[in-house]
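Input: a single structure, listed below in structure tokens.
The values are calculated or read from the model by the stated rules, or taken from the named source; none is laboratory data. Just so we're clear, the structure is a prediction, and the values are computed from it rather than from any experiment. Don't worry about glycine lacking a Cβ; one is built from the backbone with ideal geometry, like all the others, and counts go over all protein chains shown.
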Amino acid sequence: MFLALRELGFARTRFLLMGGVVALVAILVVLLSGLSAGLVNDGVSGLKRTPVTDFAFAEGTGTDAAFTRSVIDVDQVDTMAEQPGVVDAAPYGLLLANAHREDDSPVDLTLVGVEPGSFVAPTELAEGDAVGAADGIVISETAAEDGLAVGDTVTLDRPERTLTVVGVLDGQHTFGHVDVAYLPLSTWQELIAGADGPGDEVPAVATAVALRTDDAFDRTAADAAAGTVTRTLSESFGASPGYTAETATLLLIQVFLYAISALVVGAFFTVWTIQRRHEIAVMRAMGARRRFLLADSLGQAAVLLLGSIAVGFGLGIAAGAGLSASPMPFALQAADLVLAGALLFVLGMAGAAVAVARVTSVDPLTALGGQR
Amino acid sequence: MSTTTTDTPVLEIDRVTLRHGDGDSTVVALDEVSLSVAPGELVAVVGPSGSGKSSLLAVAGALTAPESGTVRLEGVDLGAADERERARLRRERIGFVFQSGNLLPALTCVDQLRLALRIAGIAESDPRARDPRALLDSVSMTHRADRRPSELSGGERQRVGIARALVAGPALLLVDEPTAALDRARSHEVVELLAREVESYGAGAIMVTHDHDVLEHCHRVVEMVDGRLGVPAATA
């Protein structure tokens, strides 16, 4: 590192330009990582925050829209509950609804019907009561941030029905970018049937069977017995509107960024190594070990990458803090950032290593004679 | 004006032949060349371009293996050494002085010498190592010790190059056209310095040069013509 550090100081303009490119890539990686996590939260946090491990949908339901197409009988919940490996089974109803607040402003809600006291009924409340009251809804914290409070009412457009906010959940619960509101399954069934109020005849249905299973669960056998198609929690994320397209797009951009940074770093060190060819020949003639030259050059790449990734992440996280306060779906997760930083570093080093490997092929003989 | 002749030679080149190129276009660079250098002796090799002077340096410096003949450095047969061993001998026992210094642009003069020690794998506290600043002082470069090569004149660069070649305490100094980029006065200074350093440290040295002007400072002059060594017809 003796020579490497002095070269960094000597050719600082070149290294600053290169470091600037890596730092900008790092900023983008941080922002995209935050945006990905934010969109995932927006899309499926309402599912993620349940203790559910699997959902059993009606037989023949495709993945892409399972939550809006599937209808199961409550009997199927009982059949599922008897299957080996099923710890808990409960009906789960999901309905995307348009509603209006008291001041007539529109509000979109994902109405989730659960049996009060069942394992899917949320228990972590920021304030108010849990699911129970017939026309009471328990809303996501994000809906509360948008202005809904305990005691407010919302009126559904179709069927027209007024629901009262009785509780606020702890944390973000959204599905398909829409805030979740929990309500009793019986009310949910009335809404599905288009009934105007309690007392009408309503079918005993739900969207899916919410399951908590252990290792003994045999998906194929259970589906055969209950007439369902079971998907794991993460598989059912794909059933959230837009989820697959959003995550795939962002992943693609990130993959490109990683590839670009590896190639740019590789190209830079290729040119840098070629520029130093004569100096390397001189050092080889002086008897420098290949290991000495490689360690020095790779050390230089490591210092450059670590420095610029650190700067880029610092700026990216600072920018992200600003975005988190805005309505943008943005969430920075330490594990994601550590992984992204490590990936940028490792790929950058790989690019540099390919370039720097040339130092070992420089012929020390070229140090003799007049070429300069 | 040779120094103690009883010393065993630092370098013995014995009937060495080296060819360049392949197939029909081979050129005999060295033809049965023999040369021996004693400690403290500065031998000048003169001759026209392409006469094989650089090849002689490459062979003596363990950069190229000859086709036939033997090269011994302090009694060690270079022909029997592998690439790794030859690199070790280069960094520990041989000092190179290149044309126009060939210093590293990123390093100050004192760092050039410290890098040479690191390449040699010798700690600055090692008794074999010579103190970089004291050595720069002995080549009258103390005032420029913390400057980079771009701030030095050609003669100054060459003096730093000589100091760099000596810092790890080599047995053999190989000097490639040290005055190529220098004016007359500077050329004399540099070669005089070289002769003085060689004598005071007891290293043997071969200097390849075009410059007949500076031969008066050398202990011995040999001429190379078409790959053969001989005593020159007329020396200064």
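Quick one: would you say A:Gly9 is surrounded by fewer than 18 Cβ atoms within 10 Å (Cβ to Cβ) and either touching a strand residue (DSSP E or B) at 6+ places or on another chain (Cβ under 7 Å) or away from chain B (no Cβ under 14 Å) (or both)?
no
If we only count helices (runs of 4 or more DSSP H) wholly inside the stretch B:68-182, which ones have 2 or more residues that are touching a His at 6+ places or on another chain (Cβ under 7 Å) and within 12 Å of chain A (Cβ to nearest Cβ)?
none
Among the residues of the stretch A:309-318, is there at least one that is crowded, with 17+ Cβ neighbours inside 10 Å, within 14 Å of another protein chain (Cβ to nearest Cβ) and of a type in the set (Phe, Trp, Tyr)?
Within the stretch A:309-318 (the criterion being crowded, with 17+ Cβ neighbours inside 10 Å, within 14 Å of another protein chain (Cβ to nearest Cβ) and of a type in the set (Phe, Trp, Tyr)), the answer is no, since none of the residues qualifies.
Just the residues that are closer than 30 Å to B:Arg196 by Cβ, within 14 Å of chain A (Cβ to nearest Cβ), assigned to a loop (DSSP other than H, G, I, E, B) and over 12 Å from the mean Cα position of the chain (by Cα), please, taken from the stretch B:13-61.
Correct list: B:Ser49, B:Ser51, B:Gly52.
Got a sec? Which of A:Gly34, A:Gly38 is closer than 23 Å to A:Leu347 by Cβ, part of a helix (DSSP H, G or I), of a type in the set (Gly, Ala, Ser) and out of contact with any strand residue (DSSP E or B) (no Cβ under 7 Å at 6 or more places or on another chain)?
Being closer than 23 Å to A:Leu347 by Cβ, part of a helix (DSSP H, G or I), of a type in the set (Gly, Ala, Ser) and out of contact with any strand residue (DSSP E or B) (no Cβ under 7 Å at 6 or more places or on another chain) holds for just one of A:Gly34, A:Gly38, which is A:Gly34.
Go through the stretch A:220-232 and give me each residue that's buried (at least 18 other Cβ atoms within 10 Å of the Cβ) and not β-branched (Val, Ile, Thr).
Passing the criteria: A:Ala222, A:Ala226, A:Arg231.
Would you say B:Leu194 is part of a loop (DSSP other than H, G, I, E, B) and under 26 Å from B:Lys53 (Cβ atoms)?
no
Is it true that some residue in the stretch A:256-264 is outside any loop (DSSP other than H, G, I, E, B) and either within 14 Å of another protein chain (Cβ to nearest Cβ) or without any contact (Cβ under 8 Å) to a residue 40 or more places away in the chain (or both)?
The answer is yes, given that some residue of the stretch A:256-264 is outside any loop (DSSP other than H, G, I, E, B) and either within 14 Å of another protein chain (Cβ to nearest Cβ) or without any contact (Cβ under 8 Å) to a residue 40 or more places away in the chain (or both).
Pull up the stretch B:1-35, narrow it to residues that are surrounded by 13 or more Cβ atoms within 10 Å (Cβ to Cβ) and within 15 Å of B:Cys218 (Cβ to Cβ), then point me to the one that is modelled with the lowest pLDDT.
Per the criteria, the residue is B:Thr3.
Considering only the stretch B:189-236, how many residues are buried (at least 16 other Cβ atoms within 10 Å of the Cβ) and touching a strand residue (DSSP E or B) at 6+ places or on another chain (Cβ under 7 Å)?
21
For the condition touching a Leu at 6+ places or on another chain (Cβ under 7 Å) and over 18 Å from A:Leu24 (Cβ atoms), what is the one hit in A:Ala342, A:Ala302, A:Ala367, A:Ala353?
Only one candidate qualifies: A:Ala353.
So which of A:Ala357, A:Ala321, A:Ala295, A:Ala302 ends up being farther than 30 Å from B:Gly121 by Cα and part of a helix (DSSP H, G or I)?
Residue meeting the stated conditions: A:Ala321.
I'm trying to understand the selection: among the residues of the stretch A:214-242, which are over 24 Å from the mean Cα position of the chain (by Cα) and in a strand (DSSP E or B)?
Within the stretch A:214-242, A:Thr228, A:Val229 qualify.
Just to check your reading of the model, which residue among A:Ile137, A:Ile192 is out of contact with any helix residue (DSSP H, G or I) (no Cβ under 6 Å at 6 or more places or on another chain) and either in contact (Cβ under 8 Å) with a residue 60 or more places away in the chain or farther than 30 Å from A:Asp54 by Cα (or both)?
A:Ile192
Taking the condition of a type in the set (A, V, I, L, M, F, W, C) and within 24 Å of A:Ala334 (Cβ to Cβ), does A:Leu94 pass?
So A:Leu94 fails the test.
Return yes or no: is B:Arg114 under 18 Å from A:Leu365 (Cβ atoms) and of a type in the set (Lys, Arg)?
Here the answer is no, as B:Arg114 does not meet what is asked.
Give the residues of the stretch A:12-39 that are within 14 Å of chain B (Cβ to nearest Cβ) and in contact (Cβ under 8 Å) with a residue 24 or more places away in the chain, sorted by residue number.
Matches in the stretch A:12-39: A:Arg14, A:Phe15.
Quick one: in the stretch A:270-298, of everything that is surrounded by fewer than 24 Cβ atoms within 10 Å (Cβ to Cβ) and of a type in the set (Ser, Thr, Tyr), which residue is farthest from the other protein chains (Cβ to nearest Cβ)?
Looking at the filtered set, the residue picked out is A:Thr270.
Listed residues A:Leu257, A:Leu344; which is crowded, with 19+ Cβ neighbours inside 10 Å, touching a Ser or Thr at 6+ places or on another chain (Cβ under 9 Å) and not assigned by TED's automatic domain parsing to the domain that holds A:Glu145?
One residue alone meets the criteria, A:Leu344.
Yes/no per residue for (1) of a type in the set (S, T, N, Q); (2) within 23 Å of B:Leu30 (Cα to Cα); (3) at pLDDT below 90:
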residue	(1), (2), (3)
B:Pro170	no, no, no
B:Leu173	no, yes, no
B:Arg196	no, no, no
B:Ala205	no, yes, no
B:Cys218	no, yes, no
B:Val231	no, yes, yes
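Hey, which of the helices (runs of 4 or more DSSP H) in the stretch A:58-161, taking only ones fully inside, have at least 3 residues that are under 30 Å from the mean Cα position of the chain (by Cα)?
A:66-69, A:141-145
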